[in-house]
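Asks: Please find one structure pasted underneath; my questions will follow.
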Amino acid sequence: MADLRTTFAGIKSPNPFWLASAPPTDKAYNVVRAFKAGWGGAVWKTLGEDGPPIVNTASRYGALEVGGMRMVGFTNIELITDRPLQVNLDEIKQVKRDWPDRALVVSLMVPCVEESWKRILKRVEETNADGVELNFGCPHGMSERGMGAAVGQVPEYVEMVTRWCKQNTRMPVLVKLTPNVTNILGSARAAKRGGADGVSLINTVNSIIGVDLDRMAPYPVVAGKGTHGGYCGPAVKPIALHMISEIGRDPECAGLPISGIGGIATWRDATEFHALGAGTVQVCTAAMHYGFKIVDDMVDGLGNWLDAKGHRQLDAIVGRALPNVTDWQHLDLNYKIVARIDQDACIKCGLCYIACEDTSHQSIAALTTGGERRYEVIDRECVGCNLCMYACPVTGCISMVEVPTGRKPLTWLEHPNNPLRQAAE
Amino acid sequence: MGGAGGIASRRLSAEELSRNFADIHVPLDRERALIEASRCYFCYDAPCQQACPTGIDIPGFIRKIATDNVKGAAVTILSENIMGGACARVCPVEILCESACVRETQETRPIQIGALQRYATDWLFERKLQPFARASSTGKCVAVVGAGPAGLACAHRLALRGHDVTIFEAKPKAGGLNEYGIAAYKVPDDFAQAEVAFILGIGGIRIEFGKALGRDVSFAGLRRDFDAVFLGMGLAGVNALALDGEDMPGVMDAVAYIERLRQAADKSTLEIGRRVVVIGGGNTAIDIAVQSKRLGAEDVTVVYRRGPDHMGATRHEQELAQTNGVTLKHWARPARIVGHRGRLKEVEFKYTQLDEQGRLMATGDRFTLLADMLFKAIGQTFVPVPLGNGAAEPIELAGNRIEVNADRKTSLPDVWAGGDCVPGDDLTVSAVQDGKLAAEAIDRNLRSA
């Protein structure tokens, strides 16, 4: 099977699947179980300053269910670790000693003063952990105290703290980025300028996952009230994919290692992150939903897929889709596809018809032939939008086929309708 | 046990009987209903809706279940089919809505439409909600003959439109076959009466029990005293085998026995044979066979003169009989009823086959089944006598039933009809549709008059 070993920002792991900093990595008991299950690495749940331990609420999670599917989206209002610092450090040291081949990274969040960072970095170094991840992303609770996303949303702070850390430790420094910004490149570039060895993203998205209509309060409800939480799970994957691709194709960030996070539940999800430039991936919600065993299929599935594609190493596909991520203005406006309905596979539900009829281009005809319902694409009306293909409940029944136009590729930049077009001649 | 020869009551304990006649289907709880509802594709111009004789907006009500708008789902169902609760239990969904489900095409596992319909209607009934309110009174009065599904559906729709309705019912209870004919385990816990109470709950409907047409009230009298008449009688006649010994003790009419079974408060008082033979191929044959078995009969054999595909009972019903330990024997017809000391002893059958022209003929071979009880379930017939044909203005018949047009109007200008007394499928759901369409036509007629 293909070689899944990775070296990410100098940190080695037997496979690219790490557990993200979160409840599953809060203590040795969990992390050891994860390593036994086959996870390549773990980012220990965020440590804070020494002192009175963090206090958490009862009722911490909320979930989005869609059509009977549980936890399509997930939210939490839990803070950083609520265990004493020394207990965590001792456990980290022991786990690293017992599992030397696994990546063990420690997530950190302390107040925005250099002395605080210096102090904790020194103590983490003593554990022999492989690196640190600066938690600049946590959107709830800690941000009200000037930490987490409160830092991550200000590029100058990101750069400053990253630089402090790089100056005060020999360990690789990863910076975990918050998606709660209008442009991820601001903080990504700042991390790079500060000397970060890599970035991890996305942290959770600011959200209210739902409203309890009986108690008239947002979920999760704590004694009748709720607060915004950090959204994660399968639903946030598209946001994460976009953000890592933005970093991946940004010349200023060139060469910056990316650990992809956000809704990864399967090897296929992970592979999409790799294709857009992620060197490793981090998982949390899927493990919280199904337990650590899911890594078995992730490792196996990725290896089998690489084999089937003829790749001997994971590195061969990292960033492979990036050259094809472009801006809208560079897309070929002369490319034409139309929908094709496989009449043998069609189950006559009419969803393609009503989607197109009510909300698109009226390019599907609802016919009755010999008493049988039949749906046919009206080619001349079809704009090739894909809607019917996605509305169709039968996989493969509707496909989009290319129609040769005989015309040369034409982008908006060259298009006659564009008043600012660049003359092609 | 008490009884004569191989016929006895109390073959099973009270607990066994109560288990055997309890609900045959486990109702969906909320969790299972949500999962099932989420399987629905919400088809456009849905095939299931087209296949429903009452045209219930099935994707619409399933979506409401999926969003926990269960009341809305129930009202969607009951607006088209006021007996949606009974139909959820007794409809042959496997040949109606569920057979048309695109999931059937896709994966031979249709949405459980009947079970979801029951979930929604039960929800409403359990909360004793009355979602319908009558329109302001029109001052018109309509007579309905028969308080079965057709009559009740017609009466409810007429009452909804503001007309006053009097139903004349020969029996002491309303509900028709839901009360007297359907197998007990399909409508347990007095469901039929609960549904009747719900229907009458709208107001404006009066039932006169013990009033049979042609005996206690005359057709001409109804036409004289009411603004319109709806005929919703059932099938009063029962087909006979035309064999010697048909009146012998032990030879019984299945419809009459089921009626007795349905009305028996204590099923252990019912006498049933050790060896039971049923002749027929429709739902009544299956119902009496399965219920005989569940009363404690040891051997129950249904004998039908043609093959499984010709049976009036659906495949689903045939399989139900088989899983209840009933033997289905095809291609044979009764030839001789044999008694011993004045009681039934055995039934002799002739094997049958189709000749080259497709006609049924005897092969010449025979077999005999020992039997303590023989149930005749070979069909019922409409008896038009109470309509007093031969009078000045006869009602037209189509074949053996009352002729009606698309509005369920008869040949008489003020008379509509529906249910088993008109041509078409003898299903509860079809009867409800007849009653509903007739009521709308009567309403239009009375308003334009």
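Asks: May I ask which of B:LYS171/B:LYS345; B:LYS293/B:LYS329; A:LYS122/A:LYS166; B:LYS140/B:LYS409 have a Cα-Cα span longer than 23 Å here?
Replies: Values: B:LYS171/B:LYS345 34 Å; B:LYS293/B:LYS329 16 Å; A:LYS122/A:LYS166 12 Å; B:LYS140/B:LYS409 18 Å.
Among B:LYS171/B:LYS345; B:LYS293/B:LYS329; A:LYS122/A:LYS166; B:LYS140/B:LYS409, the Cα-Cα distance tops 23 Å for B:LYS171/B:LYS345.
Asks: Put +1 on the Cβ of every Lys and Arg and -1 on every Asp and Glu Cβ in chain A; which of A:GLN86, A:VAL132, A:PHE17 then has its Cα farthest towards the positive end of the dipole?
Replies: Of the options given, the answer is A:GLN86.
Asks: What is the diffusion coefficient of the protein assembly as shown in µm²/s, taking the Kirkwood radius over Cα pairs and the Stokes-Einstein relation at 4 °C with a viscosity of 1.567 mPa s? Don't skip to the answer; put the middle values down first.
Replies: Numbers: Rh = 33.4 Å.
Result for D is 39 µm²/s.
Asks: What length, rounded to one decimal in nm, is gained on full extension from A:ARG170 through to A:LEU331, with 0.36 nm per residue of separation minus their alpha-carbon distance? Provide the component values of the computation, followed by the final result.
Replies: Working: separation 161, 0.36 × 161 = 57.96 nm, distance 4.49 nm.
That pair, A:ARG170 and A:LEU331, stretches by 53.5 nm at full extension.
Asks: Shifting gears a bit: Could you bin all the Cα-Cα distances of the range A:219-303 into 10 Å bins starting at 0 and give me the percent of pairs in each, rounded to whole numbers?
Replies: With a bin width of 10 Å, the distribution comes to 17, 41, 27, 13, 3.
Asks: Let me ask something additional. Within the range B:413-449, list the residues whose amide N lies under 16 Å from a label point set 7 Å along Cα→Cβ of B:SER136.
Replies: B:447
Asks: Regarding the range B:238-379, what's the average projected area of the Cα-atom convex hull, expressed in nm²? Spell out each step's value before the answer.
Replies: On the way: hull surface 34.3 nm².
Quarter of the Cα hull surface area: 8.6 nm².
Asks: Right, next: Between the range A:145-168 and the range A:209-243, what is the separation of their alpha carbon centroids in Å?
Replies: 26
Asks: With just the Cα atoms defining each centre, how far is the range B:317-396 from the range B:39-89? Give it in Å.
Replies: 38
Asks: Taking a cut-off of 19 Å between Cα atoms, list the lysines near A:LYS27, but don't count ones fewer than 8 places away on the same chain.
Replies: Once the sequence-local lysines are set aside, what remains near A:LYS27 is A:LYS36, A:LYS45, A:LYS93, A:LYS96, A:LYS293.
Asks: Assigning unit charges at the beta carbon (Lys, Arg +1; Asp, Glu -1) and nothing else, what dipole magnitude in debye, to the nearest 20, does the range B:38-126 show about its Cα centre? Numbers along the way, then the final one.
Replies: On the way: 8 positive and 10 negative charges, 30 e Å.
About 140 debye.
Asks: So what is the calculated 222 nm ellipticity per residue for chain A, using -39500 (n - 2.57) for each DSSP H run with n of 4 or more, over all residues, to the nearest 500 deg cm²/dmol? Walk me through the intermediate numbers first.
Replies: Working: 12 runs with 120 residues, N = 425.
It lands at -8500 deg cm²/dmol.
Asks: Taking the range B:38-126, how much of its Cα-Cα pair set, in percent, is spaced more than 17 angstrom apart? Kindly include the intermediate steps, with their values, before the conclusion.
Replies: On the way: 1506 of 3916 pairs.
When all Cα pairs of the range B:38-126 are counted, 38 percent exceed 17 Å.
Asks: If Rh is defined by the Kirkwood formula over all Cα pairs and Rg also comes from Cα, what ratio Rg/Rh do you get for chain B? Provide the component values of the computation, followed by the final result.
Replies: Values: Rg = 22.8 Å, Rh = 23.2 Å.
Reported Rg/Rh (Cα atoms, Kirkwood Rh): 0.98.
Asks: Would you list, by chain and number, the lysines whose Cα falls below 30 Å from the Cα of A:LYS408, excluding same-chain residues fewer than 8 positions away?
Replies: A:LYS408 reaches A:LYS336.
Asks: Working from the pairwise distances between different alpha carbons, so that the mean of 1/r is found and then inverted, what is the range A:123-202's Kirkwood radius in Å? Numbers along the way, then the final one.
Replies: Working: mean 1/r = 0.0808 Å⁻¹.
Taking every pair of different Cα atoms in the range A:123-202, averaging 1/r and inverting gives 12.4 Å.
Asks: Counting trypsin sites (Lys or Arg not before Pro) as exposed when in a DSSP loop with at most 12 other beta carbons within 10 Å, what is the longest stretch of chain B free of them?
Replies: B:1-126
Asks: Here's a follow-up. Measuring from label point to label point, each 7 Å out along Cα→Cβ, what is the B:ILE95 to B:ARG30 span in nm?
Replies: 3.8
Asks: By how many nm would the segment from A:SER59 to A:ARG5 grow when fully extended, if each residue of separation counts as 0.36 nm and the alpha-carbon distance is taken off? Walk me through the intermediate numbers first.
Replies: Working: separation 54, 0.36 × 54 = 19.44 nm, distance 3.86 nm.
Full extension of this stretch gives 15.6 nm more.
Asks: Using only Cα atoms, what is the ratio of the radius of gyration of the range A:1-127 to 2.2 N^0.38 Å? Spell out each step's value before the answer.
Replies: Details: Rg = 16.3 Å, N = 127, 2.2 N^0.38 = 13.9 Å.
So the Cα radius of gyration is 1.18 times the expected 2.2 N^0.38 Å.
Asks: Using the Karplus equation 6.51 cos²θ - 1.76 cosθ + 1.60 (θ = phi - 60°), what ³J(HN,Hα) coupling, rounded to whole Hz, does each residue of the range B:364-376 give in order, writing x for Gly and Pro?
Replies: So the Karplus estimates, Gly and Pro as x, are x, 8, 9, 8, 10, 10, 5, 8, 8, 9, 10, 9, 8 Hz.
Asks: At 0.36 nm per residue, and after removing the present C-alpha to C-alpha distance, how many nm does the segment from B:THR363 to B:GLU298 gain when stretched out fully? Numbers along the way, then the final one.
Replies: Working: separation 65, 0.36 × 65 = 23.40 nm, distance 2.95 nm.
Gain on stretching B:THR363 to B:GLU298: 20.4 nm.
Asks: Take the alpha-carbon centre of the range B:237-281, take the same for the range A:174-193, and report the distance between them in whole Å.
Replies: So the two Cα centres are separated by 84 Å.
Asks: Near the amide H of A:ILE378, under 5 Å away, which other amide H atoms are found, from residues 5 or more places off or on another chain, if H is placed in the peptide plane?
Replies: Correct list: A:ILE364, A:ALA365.
Asks: Moving to a separate point now. Can you tell me what the convex hull of the Cα atoms of chain A projects to on average, as an area in nm²? Mind dumping the intermediate values first?
Replies: On the way: hull surface 103.5 nm².
In nm², the orientation-averaged hull projection of chain A is 25.9.
Asks: Taking H as built 1.01 Å from N, whose amide H comes closer than 5 Å to the amide H of B:ALA332, not counting residues under 5 places away?
Replies: HN-HN under 5 Å from B:ALA332: B:TYR304, B:ARG305, B:ARG306, B:THR352.
Asks: Test of understanding: in a Gaussian network model of chain A with alpha carbons linked when under 10 Å, which of A:LEU333, A:LEU79, A:LEU306 would top the mean-square fluctuation ranking?
Replies: Maximum fluctuation in the GNM of chain A, among the listed residues, is at A:LEU333.
Asks: Could you tell me what a quarter of the Cα convex hull surface of the range A:195-348 works out to, in nm² with one decimal place? Could the numbers behind the result be given before it?
Replies: Working: hull surface 63.1 nm².
Quarter of the Cα hull surface area: 15.8 nm².
Asks: According to a simple spin-label model (label point 7 Å from Cα along Cα-to-Cβ), what is the distance in nm between A:ASP297 and B:ASP425?
Replies: 4.1
The numbers here are math on the coordinates, done by the rules we state, and not lab data. On a predicted model such as this, the values are computed, not experimentally measured, just so you know. FYI the Cβ positions are ideal-geometry reconstructions off the backbone, even for glycines, and counts take in every protein chain you see.
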